[in-house]
Amino acid sequence: WTALARKAGPEHVPFTLRALHTLITRIVAPLAILLLASGITLIFAARWDLVANEWLWIALVLYTFNIGLNLGVALPNLNAILAIVGSGEAPQRMAEIEARGRRQRLLGMTSGFLVLVILGLMVWKPGA
């Protein structure tokens, strides 16, 4: 999204960052936590054995780590970018914004990879 905003013009980047922040904090994060809670509830309701089905607890650990990575690292990084852009110091601190943008991109790729691993575990169910 931010790459598209940059192509449209630098004046569109702050709006895009604020929109992403709003989407993450008001929709994605609450739904990710609700998904974890409902998944754990289903595991206990269906009486799945976490010891016998190690793919299941590995997926839960990876999912919890992914939520922590996004809420504990990626979201504060996005907040820092928004603070710099909102302060009017963006032109002077462009190197920091670019470094944080690269970090954000790496975190996004890591999160996407974790989601694919979790999806693979949930579909393949090794050892089940």
Residues located in the stretch 13-33, provided they are within 16 Å of W1 (Cβ to Cβ), open to solvent by 50 Å² or more (accessible area, probe 1.4 Å) and of a type in the set (A, V, I, L, M): L23, I24, I27, V28
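Suppose we keep only residues that are part of a helix (DSSP H, G or I) and β-branched (V, I, T) within the stretch 40-62. Which one would you say is nearest to the chain's Cα centre (by Cα)? Break it down into steps so the answer makes sense when it comes.
First, pick out the residues of the stretch 40-62 that are part of a helix (DSSP H, G or I): 40-45, 54-62.
Going one step further and asking which of them are β-branched (V, I, T), we end up with 40-41, 43, 58, 61.
Numbers: I40: 20, T41: 22, I43: 24, I58: 18, V61: 15 Å.
Checked the stretch 40-62; the qualifying residue nearest to the chain's Cα centre (by Cα) is V61.
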Odd one out for G127 among (1) surrounded by 11 or more Cβ atoms within 10 Å (Cβ to Cβ); (2) touching a residue at least 60 places away in the same chain (Cβ under 8 Å): (1)
Residues of the stretch 63-97 that turn out to be touching a residue at least 40 places away in the same chain (Cβ under 8 Å), over 30 Å from G120 (Cβ atoms) and either outside any helix (DSSP H, G or I) or open to solvent by 40 Å² or more (accessible area, probe 1.4 Å) (or both), as a count: 2
A45 being at pLDDT 95 or above and surrounded by 13 or more Cβ atoms within 10 Å (Cβ to Cβ): no
Filter result for G112 (open to solvent by less than 70 Å² (accessible area, probe 1.4 Å) and without any contact (Cβ under 8 Å) to a residue 12 or more places away in the chain): yes
Meets criteria (out of contact with any Asp or Glu (no Cβ under 7 Å at 6 or more places or on another chain), more than 30 Å from P126 (Cα to Cα), at pLDDT below 95 and surrounded by 12 or more Cβ atoms within 10 Å (Cβ to Cβ)) for T2: yes
Unmet criterion (only one of (1) within 22 Å of the chain's Cα centre (by Cα); (2) of a type outside the set (V, I, T); (3) part of a loop (DSSP other than H, G, I, E, B)) for A37: (3)
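The values are calculated or read from the model by the stated rules, or taken from the named source; none is laboratory data. The structure presented is a predicted model; accordingly, all values stated were derived computationally and were not measured. In this analysis, Cβ positions are derived from the backbone assuming ideal geometry, glycine residues included, and neighbour counts consider all displayed protein chains. These accessible areas exclude ligands, DNA and RNA; they are computed on the full protein's heavy atoms, side chains included. Shrake-Rupley method; radii C 1.70, N 1.55, O 1.52, S 1.80 Å.
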